[in-house]
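Novice: One structure, pasted below without further comment.
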């Protein structure tokens, strides 16, 4: 186990970005088309090809999911991933044509610093192609890919991943780009909201503080315009699920964001969770097995969020937020 979404066979993750730009793209690549769905909770989402993930829609298989910085400009990244997949002969067969199916979601990092004067066309299509071509089982964490320009209310955001197994032996994993309006730590201290779900000191092992002050539980937010934040996640499992079950998995996994970010799903965020079924491992029970899978998906996503902050490094631009390690050490 790598404690990563790539613990599930058939999944690779790739990143691309530009440190001078302060933004990038992450792709979750599937070796074959997989069943997937999505749940949207934030008040300002930006997406591509998410309508077809509704269980009532026709297309059953997707080839990749793209998470990208760049706000609406970042939706171009999916075109780059499509181009790479088409070169591999992948895609939905329509007569003699093949159309790779690549849902995507974006986060807002245009105010995180860096030179955003990219000229006529933004670089995200190239980022998407590069990320797909570099996808591998080892998942880089922190300020990479879609997490490169990500921030929270008081600390640098980033890219995180985690995984776990159910009592039946099914694996569930998450990858997340945390760019929340709220906070992933309690107050101004080093303790993560997700601490009760931590495994093997994967984000420092500090647990919760001995008490919570009124300030710790008060409202804190980056502010800015609606949709100017957003946490994006992909949940995947080797359990065999249909589209409706993937939808339920995405819904349950959203609770992981609520366990790790305070506040979350605000009008200022565009929080989105994709869920994909990669394997052929049957569930022993269609209700209770799925319930356990969803419970663990939420736990895994909470851990991935905390890891994304724990592993992040600060950007070098004037006024950039410090990283967790800058503030609290290793």
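Novice: Does the range 273-290 contain any residue that is surrounded by 24 or more Cβ atoms within 10 Å (Cβ to Cβ), out of contact with any strand residue (DSSP E or B) (no Cβ under 7 Å at 6 or more places or on another chain) and modelled with pLDDT of 95 or more?
Specialist: Checking the range 273-290: not a single residue is surrounded by 24 or more Cβ atoms within 10 Å (Cβ to Cβ), out of contact with any strand residue (DSSP E or B) (no Cβ under 7 Å at 6 or more places or on another chain) and modelled with pLDDT of 95 or more.
Novice: Against the conditions (1) assigned to a loop (DSSP other than H, G, I, E, B); (2) crowded, with 17+ Cβ neighbours inside 10 Å; (3) in contact (Cβ under 8 Å) with a residue 60 or more places away in the chain, where does residue 122 fall short? Just the number, please.
Specialist: So the condition that residue 122 fails would be (3).
Novice: May I ask you to list the residues in the range 17-29 that are surrounded by 23 or more Cβ atoms within 10 Å (Cβ to Cβ) and assigned to a strand (DSSP E or B)?
Specialist: The answer is 17, 23, 24, 25, 26, 27, 28, 29.
Novice: Take residue 209 and tell me if it is surrounded by fewer than 19 Cβ atoms within 10 Å (Cβ to Cβ) and in a helix (DSSP H, G or I).
Specialist: no
Novice: For the range 52-75, enumerate the residues that are in a helix (DSSP H, G or I) and either under 18 Å from the mean Cα position of the chain (by Cα) or surrounded by 19 or more Cβ atoms within 10 Å (Cβ to Cβ) (or both).
Specialist: Scanning the range 52-75 gives 53, 71, 72, 73, 74, 75.
Residue by residue, here is whether (1) out of contact with any strand residue (DSSP E or B) (no Cβ under 9 Å at 6 or more places or on another chain); (2) in contact (Cβ under 8 Å) with a residue 40 or more places away in the chain; (3) outside any loop (DSSP other than H, G, I, E, B) holds:
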position	(1), (2), (3)
86	no, no, yes
109	no, yes, no
113	yes, yes, no
127	no, yes, yes
160	no, yes, yes
177	no, yes, yes
199	no, yes, no
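Novice: Mind listing whichever residues of the range 301-330 are touching a helix residue (DSSP H, G or I) at 6+ places or on another chain (Cβ under 7 Å) and under 22 Å from residue 3 (Cα atoms)?
Specialist: 301, 302, 303, 305, 306, 308, 309, 310, 312, 324
Novice: I would also like to ask the following. Of everything in the range 35-51, what is surrounded by fewer than 23 Cβ atoms within 10 Å (Cβ to Cβ) and either part of a strand (DSSP E or B) or at positive phi (or both)? Give them in sequence order.
Specialist: 35, 39, 40, 47, 48, 49
Novice: Residue 270 - would you say it is more than 21 Å from residue 61 (Cα to Cα), buried (at least 24 other Cβ atoms within 10 Å of the Cβ) and touching a helix residue (DSSP H, G or I) at 6+ places or on another chain (Cβ under 6 Å)?
Specialist: Values: more than 21 Å from residue 61 (Cα to Cα): yes; buried (at least 24 other Cβ atoms within 10 Å of the Cβ): yes; touching a helix residue (DSSP H, G or I) at 6+ places or on another chain (Cβ under 6 Å): no.
Answer is no for this residue.
The values are calculated or read from the model by the stated rules, or taken from the named source; none is laboratory data. What you are looking at is a predicted structure, and each value in this text was computed from that prediction instead of being measured. Quick reminder, even Gly has a Cβ in these numbers, built from the backbone with ideal geometry, and neighbours come from all protein chains shown.
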